[in-house]
1. Considering every residue in B:159-165, what mean count of other chain Cβ atoms within 10 Å of its Cβ is obtained?
2. Return a whole-number percent for the relative contact order of segment A:2-96, with Cα pairs under 8 Å and 6 or more residues apart as the contact set.
3. For segment A:115-214, restrict the atom set to alpha-carbon positions and state the Rg and Dmax in Å.
4. Would you list B:382, B:287 from fewest to most Cβ contacts within 10 Å?
5. Could you please report the charge total around residue B:284, scoring K, R as +1 and D, E as -1 over all other residues with beta-carbon less than 10 angstrom from its beta-carbon?
6. So for A:354, A:234, B:134, fewest C-beta neighbours within 10 Å to most, what's the order?
7. Between residue A:125 and residue B:166, take the C-beta separation as r, use R0 = 25 Å, and let me know the FRET efficiency to the nearest 0.05.
8. Please list the equivalent ellipsoid semi-axes of chain A, computed as the square roots of five times the alpha-carbon gyration tensor eigenvalues, in descending order and whole angstrom.
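A short reminder: the numbers here are calculations on the coordinates, not readings from a lab. No experiment lies behind these values; they were computed from the predicted model shown. Ideal geometry is used to build each Cβ from the backbone, glycine not excepted, and the neighbour counts take in all protein chains shown.
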Protein chains: 2
Amino acid sequence: MSRLRVEPDDPFGLHNLPYGVYRAAGAEPRVGVRFGDRVVDLALLLDDEVFATGSLNPFLAQGPARWGSVRSQITEALQGEVDAAAVHYLADVALELPFEVADYVDFYASEHHASNLGRLFRPDAPDPLTPNWKHLPIGYHGRSSSIVVSGTDVVRPCGQRLPPGESAPVFGPSTRLDLEAELGFVVGVGSALGTPVRADEVEQHLFGVVLFNDWSARDIQAWEYVPLGPFLGKSFASTVSPWVVPLTALAGARVPVPQQVPEPLPYLTMEQPWGLDIELAVAINGEVISRPPYAATYWSPAQMLAHLTVNGAPTRTGDLFASGTVSGPDAGQQGSLIELTRGGAEPIAVGGEKRGFLEDGDEVVIGGFARLADGRRVGFGEARGRILPARGED
Amino acid sequence: MSRLRVEPDDPFGLHNLPYGVYRAAGAEPRVGVRFGDRVVDLALLLDDEVFATGSLNPFLAQGPARWGSVRSQITEALQGEVDAAAVHYLADVALELPFEVADYVDFYASEHHASNLGRLFRPDAPDPLTPNWKHLPIGYHGRSSSIVVSGTDVVRPCGQRLPPGESAPVFGPSTRLDLEAELGFVVGVGSALGTPVRADEVEQHLFGVVLFNDWSARDIQAWEYVPLGPFLGKSFASTVSPWVVPLTALAGARVPVPQQVPEPLPYLTMEQPWGLDIELAVAINGEVISRPPYAATYWSPAQMLAHLTVNGAPTRTGDLFASGTVSGPDAGQQGSLIELTRGGAEPIAVGGEKRGFLEDGDEVVIGGFARLADGRRVGFGEARGRILPARGED
């Protein structure tokens, strides 16, 4: 038995306590909580069978009352003597996907991002936003099976693209491979078919937040996406950070969303501030190229979940919905290379080299911290991935 | 023990043997095979533990060799004496969703359907098809959690729509609720991240076929779908038939797909005929309004699966991909009301009434049969659903 200590300013102190799934060498997956630079086995720490399956999903399904009481128990237990058998340094374990993903939806909630893309793709349009953009959080379903945990390599996808000036596509490795820095929101308690989740009920369903990289092959996407939306340009991989930060830990980071004009329809009205003061950091090969401020995002997660279910669509434990690329209003705040390089036309400097889009061997790390009103930071860890050459090309 | 008999021309004879999940009154779900107007419990019939969980998915995951040997065992067992405890009349059981759906993708594979919609939505365009249409099977991900089994009522969805001539949307029940008659293809054996399924390997992965109704709220869809595709206009419900017809049972219904010009890229090339001679029948309130011929569909299921995975996206047991609306070239062969009524402008007669789109209380049944080269028919059962008034409106 020993007492675990973390520094007072550690972003993974008792004010955070994010959940994940880890695997020690040769062992089965276990559910753990991160505390400083360690992970603590929750089945052992709390002697609670909900954590015994090695999956976080059964706990996610239990709902806010249990989420709160377990958080209190963890807080108390970590301040006492802890069985050494329950404790591992992060360096000694492998981190797994922190939950089993049910349905996955990606939104398009940043006005700055949507405007930047609108200007690139429709330079002559009077308004860079489509007419629906300020009336609803635009979203689409993505592929759950290709969601991978941080650290998983990403093989450059092959697909069809239309070379400039041509009328027939060619097939081959994507030449415009991009990242998208996002937040992901994890549903704990699902909702039944036919029963919309009202915006003021979202905290009964939403468990926590992860970092998310929605890797995008811009050339494949551009050729395929009219009229039914992105498909193979996105479905080859999406990376999540290994720690689900509970919404409770972010209560001190809640801020109002940017002013919404015109006023949204009643089902999208919020009583609470649902913005989050979270700064993301995007690094390529160790060099930070952008710091997207999530607080600048127009549509909130409460509005996303209310919209997603207003037609009666059910949700399930493990549903993941992501914000879409987070971009701020200023230079150096864009969450994708297509924005930072203006469609590749103005490459940026990365470690003494130029980058329009990602090259084989590049490693992308999306990090992030929430800033609490009391000055403390809540850590998210990172969503990391390295680009491997296309299959058959290495 | 007794011997089960079906008529020689029964579409659910020994040549079919589709799989499903049923529930007798007060009992747990069981996996069964349909034989005539009965369902036979497979865990009892074969004494095989793969069927003992009440889910078809473990069997789907076992692959073609097991699919073949189990089919042989069923064929032999049904020709002998069968334990009466294993046999139920269909009228005595409830049919459940026949498999747990992993990822769901909807394609847009019928040239006639895509052309009909192009003419409606883009009347001034020189070509009703988008430039990519003949180069790749266009598809998009849909919501798995709202896929329901035949017989499940469908509540009219609410959502945003833009009234004609207005610039701001209104919220309320969809006024343009439609059906889409499709086939669904069920993946048995998944494929790993980074490993495309070649067109000539599809039979190692694809288990069987269901009927599918991709209910569509055209007004919600029209307002939301630019630029990221259909979302709430589709995600409120999709109906599958309760029997998965094995691909093996359809071997005698394989026909060439329509000629594909221009020739598809090599990864979409097929060695085998991958069309299927299946005629669908769409009925509203008991009256058949359309008979869409699946054989007229341009892109084949082998091409859909090869395309879906060519970027390295993984597949899983229970993945479902649907054809998109099946429409033929002739009058009375369109698989949706928006086509049959030209966007609602030319309502059709149904039971002495007029229908532009679906009204509350309407019951839609999609049925279908494959025609084997030897003249026998393979039955699919039906995908049935009744429209209930919007929530709060009844």
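1. Details: counts 7, 9, 0, 3, 0, 0, 0.
That works out to 3 on average.
2. Working: 143 pairs, mean separation 34.2, N = 95.
For segment A:2-96, the relative contact order is 36 percent.
3. Taking only Cα atoms of segment A:115-214, I get Rg and Dmax of 18.6, 52 Å.
4. Details: B:382 21, B:287 13.
Fewest-to-most ranking of B:382, B:287: B:287, B:382.
5. Working: positive: B:355; negative: B:287, B:353, B:359, B:362, B:363.
Net charge in that neighbourhood comes out at -4.
6. Values: A:354 11, A:234 27, B:134 18.
Lowest count first: A:354, B:134, A:234.
7. 0.80
8. Working: eigenvalues 234, 125, 75 Å².
The three semi-axes for chain A are 34, 25, 19 Å.
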